[in-house]
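Reading through the structure tokens given below for one structure.
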Amino acid sequence: MTEEKKLVIAKIEEKAGRIAEVADQIWDYAELSLQEEKSAALYCKVLEEEGFQVEKGICGIATAFAASYGNGRPVIGILAEYDALSGLSQRAGSLTREELTPGGCGHGCGHNLLGAGAFAAAIGIRAYLEQTRRPGTVILYGCPGEEGGAAKAFMARDGVWRGLDAALTWHPEDVNEVQTGSSNSCIQVQYKFQGVASHASGAPEKGRSALDAVELMNIGVQFLREHMSDQARVHYAITDAGGCSPNVVQPRASVLYMVRSNHVSEAVELQKRVDRIAEGAALMTDTTYERKFIDGLADTVTNHVLEQVLYDNFCELGVPSYTKEEHAFADALSKTYPGSDAVPGVAAKYDPVLREQTRAQREKCGHAMNEFLAPLYTGDAFEPGSTDVGDVSWLVPTAQIHVASWPNGCPGHSWQNVSCDRTEIGHKAAVHAGKVLAAAAVDLLTDPELLGKARAEFELRTREGYTCPIPADAVPVIPD
């Protein structure tokens, strides 16, 4: 390890207690998408204390921010998230389902750790820039609403990411690996139909049913499924059925639609077809409707050059290690859900040889925590979920890692995740993620050739151009 990287690692280790405190405080706040007022305020405060210049409320989003340090190029962006999920309040370090607040929120996706790990990386890179006085800038972006709000996509629409030379991030997972491959794009739109109330038996001719319009729209989309790409998906939820009285013609009803495709341009076109079905449903029922755009995000563009840089540094730094007590807790937690014997990681999913290597590593480690680095996969991979990191990746070379934060096979968005997030296992993941990202950033700041290769791959993969799923007049909103 170079002396410069040793400096970075030492600074992050020096701040490990502060990083853990931030992660726990964000866990306590557990604020939903676009409502992360306390979380954003905390990050802005601690970043200012660390010498960063903080710009609050960027792109018109109250809980978004940008914290920068340094001067000139290269400019490295680090992405932070800090929103929680509803219905996942959970006591920390518990092996059973125990709500802290009935019906409350919890960090089932580990974003309290994600933001803290990004904070750790930014601290390390700042130390490097300060001590070496080399040209370069690090910007930590506070990105709210990943679980519904897609702040990074709104930032993409406003051109925020175009000024970067590279963007790095991470996500808590059950495995240590470099993430690769594409993902689904996704667009959410709410349709609120308005009709006329009437006695369903005494004066049905005077009524205009908004609920009929929702049902007809859903039927229309069912027929659409036969005539769309195999890679596309359309989901919906009736968010307001108009009431509970069957003898009333329902004067209002609403439905929330989610349109997905593995290419954002295809999702945008498919969304237009769904819009026309909504228009047709209103015509058939003599109702009116309001179309409310919620959010949209793009598929992910991989960058193998940056992924290799991350992997090399991950190899050099190793993975988190655990105490006897931490192993015992993780082993016990893994018994509370099925699938704890799964072979983890993207490489195992797509390559049979690498799968067997990963299986062997799993067996060797002998515990529920995956205390090994999964093989690097360099083929074509695809995950059906969606992330607004995709919009960043269309505008700048982007790469991310996973760090084991939960036992093997732990379900996403689960109470088990929330329980583990506020333990030393979670703290170790955040600190280690910061080290890997910061060490990789040092390579990018000192080796222009690496950034040139990453840019060349990026230009090739994005030659068709970015189709932004966010309309020009849209603002981040929460579904009704």
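Observations, loosely collected:
- Taken as a whole, the structure places Gln190 among residues that are closer than 30 Å to Arg252 by Cβ and either in contact with a strand residue (DSSP E or B) (Cβ under 7 Å, 6 or more places away or on another chain) or buried (at least 18 other Cβ atoms within 10 Å of the Cβ) (or both).
- Which numbered condition Gln53 misses (of (1) more than 20 Å from the chain's Cα centre (by Cα); (2) surrounded by 15 or more Cβ atoms within 10 Å (Cβ to Cβ); (3) more than 24 Å from Gln400 (Cβ to Cβ)): (2)
- Among the residues of the stretch 137-154, the ones that are surrounded by fewer than 24 Cβ atoms within 10 Å (Cβ to Cβ) and not in a loop (DSSP other than H, G, I, E, B) come to 2 in all.
- Tally, over the stretch 433-456, of residues that are outside any loop (DSSP other than H, G, I, E, B) and surrounded by fewer than 18 Cβ atoms within 10 Å (Cβ to Cβ): 6
- Residue match in the stretch 409-421 (condition: in contact with a helix residue (DSSP H, G or I) (Cβ under 9 Å, 6 or more places away or on another chain), buried (at least 24 other Cβ atoms within 10 Å of the Cβ) and outside any helix (DSSP H, G or I)): yes
- Considering residues of the stretch 116-136 that are in contact with a strand residue (DSSP E or B) (Cβ under 9 Å, 6 or more places away or on another chain) and charged (D, E, K, R) only, the residue surrounded by the fewest Cβ atoms within 10 Å (Cβ to Cβ): Glu130
- Asp473 vs. criteria surrounded by fewer than 21 Cβ atoms within 10 Å (Cβ to Cβ) and either over 22 Å from the mean Cα position of the chain (by Cα) or β-branched (Val, Ile, Thr) (or both): yes
- Out of Arg73, Arg157, sole residue that is at pLDDT 95 or above, within 18 Å of the chain's Cα centre (by Cα), surrounded by fewer than 23 Cβ atoms within 10 Å (Cβ to Cβ) and within 30 Å of Gly465 (Cβ to Cβ): Arg157
- Top-ranked residue of the stretch 313-334 - restricted to ones that are hydroxyl-bearing (Ser, Thr, Tyr) and closer than 25 Å to Gln179 by Cα, ranked as surrounded by the most Cβ atoms within 10 Å (Cβ to Cβ): Ser334
- In the set (1) in a helix (DSSP H, G or I); (2) touching a residue at least 24 places away in the same chain (Cβ under 8 Å), Lys364 fails one condition alone, (2).
- Condition met for Val268 (assigned to a helix (DSSP H, G or I) and within 30 Å of Val8 (Cα to Cα)): no
- Phe382 meets all of the listed conditions (1) buried (at least 21 other Cβ atoms within 10 Å of the Cβ); (2) farther than 23 Å from Leu444 by Cα; (3) within 17 Å of the chain's Cα centre (by Cα) but one, namely (1).
- Residue that is farthest from Pro476 (Cα to Cα), among those in the stretch 32-45 that are out of contact with any strand residue (DSSP E or B) (no Cβ under 8 Å at 6 or more places or on another chain) and crowded, with 21+ Cβ neighbours inside 10 Å: Ser39
- Which numbered condition Ser229 misses (of (1) hydroxyl-bearing (Ser, Thr, Tyr); (2) outside the structural domain of Asp83 (by TED's automatic domain parsing); (3) at pLDDT 95 or above): (3)
- If you check Leu306, Leu310 for being closer than 30 Å to Arg157 by Cα, outside the structural domain of Ser261 (by TED's automatic domain parsing), crowded, with 23+ Cβ neighbours inside 10 Å and out of contact with any Pro (no Cβ under 9 Å at 6 or more places or on another chain), only one passes: Leu310.
- Residue count for the stretch 343-377, restricted to those that are in contact with a Ser or Thr (Cβ under 7 Å, 6 or more places away or on another chain) and either surrounded by fewer than 16 Cβ atoms within 10 Å (Cβ to Cβ) or not assigned by TED's automatic domain parsing to the domain that holds Val178 (or both): 0
- Test: residue in the stretch 175-185 that is acidic (Asp, Glu), in contact with a helix residue (DSSP H, G or I) (Cβ under 8 Å, 6 or more places away or on another chain) and more than 30 Å from Met284 (Cβ to Cβ): yes
- Considering residues of the stretch 194-239 that are over 31 Å from the mean Cα position of the chain (by Cα) and part of a strand (DSSP E or B) only, the residue farthest from Val389 (Cα to Cα): His199
The rows are residues; the columns are (1) of a type outside the set (Val, Ile, Thr); (2) in contact with a Ser or Thr (Cβ under 7 Å, 6 or more places away or on another chain); (3) on the phi < 0 side of the Ramachandran plot; (4) not assigned by TED's automatic domain parsing to the domain that holds Arg18.
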{"site": "Ser89", "(1), (2), (3), (4)": "yes, yes, yes, no"}
{"site": "Gly108", "(1), (2), (3), (4)": "yes, yes, yes, no"}
{"site": "Leu129", "(1), (2), (3), (4)": "yes, no, yes, no"}
{"site": "Arg134", "(1), (2), (3), (4)": "yes, no, yes, no"}
{"site": "Gly145", "(1), (2), (3), (4)": "yes, yes, no, no"}
{"site": "Gly149", "(1), (2), (3), (4)": "yes, yes, no, no"}
{"site": "Met155", "(1), (2), (3), (4)": "yes, no, yes, no"}
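The values are calculated or read from the model by the stated rules, or taken from the named source; none is laboratory data. Quick caveat, the model's predicted, so the values are computed rather than measured. When we count neighbours, we look across all protein chains shown, and the Cβ atoms used for this are built from the backbone with ideal geometry, even at glycine.
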